[in-house]
Amino acid sequence: MIWRPGEAIQDGKYIIEEILGVGGFGITYRAQDFDLNKLVAIKTANDLVLSKPDFAKHQEKFIQEAFRLAKCSHNHIVQVHDVCQEQGIWCMVMEYITGGDLENKVIEQGILPEKKALLYIRQIGEALSYIHQQGLLHRDVKPSNIMLRNDTGEAVLIDFGLAREFVDGRTLTHTNARTESFAPIEQYYQRAKRGPYTDVHALAATCYFLLTGVQPLPAQFRSQGASLILPKKHNPRINDELNAAIVKGMALEAEHRPQSVQEWLEMIPEVQHIEELEKTSSNPENIYQRLEIYLSGEEWQKADEETYEILLKITNRVKEGWLDYKSTQNLACETIQIIDRLWLKYSEGRFGFSVQRRIWQELGGKIDYKTECALGEKLGWRVNNRWQDSSSIKYTLAASDGHLPWDGHLPDGEFREIGLVGSYARWWCCLILSRCAECEI
């Protein structure tokens, strides 16, 4: 039984406008409420469920969902206006939310800034704390079940179809219905202990998705030995404190998670702290932030290119696109030290100016053709008596010690066309390494 656009139900109180969506059990319509003079969403059983021989059982579950939701009065939980019957089928009339859901928002617009993501997570966390106080677990927290009010931008928790009563610490029998990637391991079993920590896992997994655009590895696979990829691996910009909180909230075993939503929320940084970090990162003096982001994400080629860009900016050689003798010798020791420390930190001591300088000094530490060629061979920049161009540089930790940062960058144009990449690399490298020696790097 599908209602058509323009069809009136409840003696003309509601006029159906269109279908909003169809799920495993229900179908949701947008309708006009003539009593309230506003749009509403109406959810009822879909045709597939209506045709099942055990429809009465499904209908009972729907009624339970409707009344559970109706008794929840919270700003971040979808509001129920009415629970009624139409031609023997129960319906739930809810507020109509026009801002879309968080899953589609991320898919269409990309990952959310930390400040915005945490605002939504805290709002849904408040809603979950409220329903836990009512003795209920939501059991299906995920980005597609979080809607945004278009007028206020507030996050709203919807779909209480899997919600169940719980007694904290007791082993109870629940259905093992779940959404992969967001459900904790206890939801894979019909009999298991469940509590607020069950929803904590799903909320942390939702935060993971909002900040990375990637659904985390399902708990079932992690229970078999697979490791959760850290959210920071997908998005190096994630704050370390927040990264740790997400991982803690998604701990495989329930006893290793925060035992309440409030406890977990206290682990994530305050919005004010995020704003302070953003101000720091937007400061033009903090020119090393992007380099650290690339290095922490093991994006070695981008980090290599960013290193050269930093040096060009500091020496005011961006327009020329290459460094001359004077600019290399005027490089501040602090600049070289910061860049070197970052490369050492994220390459496990494999890459950096100090590594290159050590090898150069082992070869005699001279600025001459013989030393330049020997150094090039040691660093993997010169193979079979030929200097390598950028296409042959190995942007991987499997490369030779000191292979990065590579010093053969030249802008497109005359220098590159006449084949001076190798000459520039060996000349500039030895000059900057001599500067490293002067700076005791």
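Odds and ends about this structure:
Each row is one residue, and each column tells you yes or no for (1) in contact with a His (Cβ under 7 Å, 6 or more places away or on another chain); (2) at pLDDT 90 or above; (3) not assigned by TED's automatic domain parsing to the domain that holds His403.
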position: Glu263; (1), (2), (3): no, yes, yes
position: Glu270; (1), (2), (3): no, no, yes
position: Tyr288; (1), (2), (3): no, no, no
position: Trp300; (1), (2), (3): no, yes, no
position: Glu309; (1), (2), (3): no, no, no
position: Arg317; (1), (2), (3): no, no, no
position: Leu323; (1), (2), (3): no, no, no
position: Leu342; (1), (2), (3): no, yes, no
position: Gly349; (1), (2), (3): no, yes, no
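- So Ala204, is it outside any loop (DSSP other than H, G, I, E, B), more than 29 Å from Lys43 (Cβ to Cβ) and at pLDDT 90 or above: no
- Test: residue in the stretch 221-236 that is in contact with a Lys or Arg (Cβ under 7 Å, 6 or more places away or on another chain) and among the aromatic types (Phe, Trp, Tyr): no
- The single residue among Pro258, Pro269 that is in contact with a Phe, Trp or Tyr (Cβ under 9 Å, 6 or more places away or on another chain), assigned to a loop (DSSP other than H, G, I, E, B) and farther than 22 Å from Asp101 by Cα turns out to be Pro258.
- In the stretch 83-105, the residues that are touching a residue at least 12 places away in the same chain (Cβ under 8 Å) and either of a type in the set (Gly, Ala, Ser) or closer than 20 Å to His58 by Cα (or both): Val83, Cys84, Glu86, Gln87, Ile89, Trp90, Cys91, Met92, Val93, Met94, Gly99, Gly100
- Evaluation of Thr328 against (1) modelled with pLDDT under 85; (2) surrounded by 13 or more Cβ atoms within 10 Å (Cβ to Cβ); (3) not in a helix (DSSP H, G or I) (one fails), failing number: (3)
- Scanning the stretch 1-30 for residues that are surrounded by 14 or more Cβ atoms within 10 Å (Cβ to Cβ), over 35 Å from the mean Cα position of the chain (by Cα) and in contact (Cβ under 8 Å) with a residue 60 or more places away in the chain gives Ile9, Gln10, Tyr14.
- Some residue of the stretch 82-90 being at pLDDT 80 or above, more than 38 Å from the chain's Cα centre (by Cα), small (Gly, Ala, Ser) and closer than 25 Å to Gly12 by Cα: yes
- One residue stands out in the stretch 378-398 among those that are among the charged types (D, E, K, R) and surrounded by 15 or more Cβ atoms within 10 Å (Cβ to Cβ): the one that is nearest to Ser296 (Cα to Cα), namely Lys394.
- Residue check, Pro258 at pLDDT 85 or above, more than 30 Å from Trp343 (Cα to Cα) and either surrounded by 15 or more Cβ atoms within 10 Å (Cβ to Cβ) or within 18 Å of the chain's Cα centre (by Cα) (or both): yes
- Residues of the stretch 313-336 classified as under 32 Å from the mean Cα position of the chain (by Cα) and over 17 Å from Ile441 (Cβ atoms), total: 1
- All positions within the stretch 43-63 that are in a helix (DSSP H, G or I), more than 17 Å from Tyr29 (Cα to Cα) and at pLDDT 80 or above: Phe55, Ala56, Lys57, Gln59, Glu60, Ile63
The values are calculated or read from the model by the stated rules, or taken from the named source; none is laboratory data. In this text the structure is predicted, and so the values were computed from the model without any measurement. Don't worry about glycine lacking a Cβ; one is built from the backbone with ideal geometry, like all the others, and counts go over all protein chains shown.
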